[in-house]
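One structure is given here, and the rest of the page talks about it.
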Amino acid sequence: MTPQELRTFCLEFNASAEEFPFGPDASVFKVLGKMFALSALDARPLKISLKCDPDDALRLRKEYPAVVPGWHLNKRHWNTVTVSELPDKMVRELVEDSYDLVVAGLPKAERLRLDRP
């Protein structure tokens with residue numbers, strides 16, 4: 001997956017937006033103002049930090065060397081993934097899971113507006 005493909009995928013979700021609160025090199029993908037992904041898209045290797053259920057986060061770290069505790073994030077809830085070391089399908093699933101977790105924490109009215117009850 002290329003950096004542009006990753007950016008495009010992150011922006012396909014309802015109400016998602018790319019912001020740069022940490023400077024021009026760090027793309028922060030948000031849904032209604034809440035972060036669900038963080039990546040330095042120009043970095044090599046390409047990595048992305050994603051929100052994750054704490055139990056799943058531990059399991060993924062044990063199973064995949066490409067998945068490590070979130071860099072500069074709450075290590076219990078965030079993983080940093082080296083994109084090139086995992087299948088594209090898995091990366092997409094992890095990004096979608098992160099988006100869904102963030103949406104699940106939104107007020108019900110906002111979730112319904114996003115078609116994610």
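Read-outs throughout are calculated quantities, based only on the coordinates presented, and are distinct from any laboratory measurement. Treat the numbers as computed from the prediction; the structure is a model and nothing was measured. Note: ideal-geometry Cβ built from the backbone for every residue, glycine included; neighbour counts use all protein chains shown.
In straight-distance terms, cross-link reach from residue 62 covers every one of the lysines whose alpha-carbon lies under 20 Å from its own, apart from those fewer than eight places away in the same chain; here that gives 47, 51, 75, 89. Remark: spin-label model distance residue 7-residue 90 equals 2.6 nm, labels positioned 7 Å along the Cα→Cβ axis.
Neighbour counts of other Cβ atoms within 10 Å put 94, 32 in the fewest-to-most order 32, 94. With R₀ fixed at 25 Å, the C-beta to C-beta distance from residue 77 to residue 15 puts the FRET efficiency at about 0.75. For the chain, the Stokes-Einstein estimate of translational diffusion at 10 °C and a viscosity of 1.306 mPa s comes to 112 µm²/s, using the Kirkwood hydrodynamic radius over alpha-carbon pairs.
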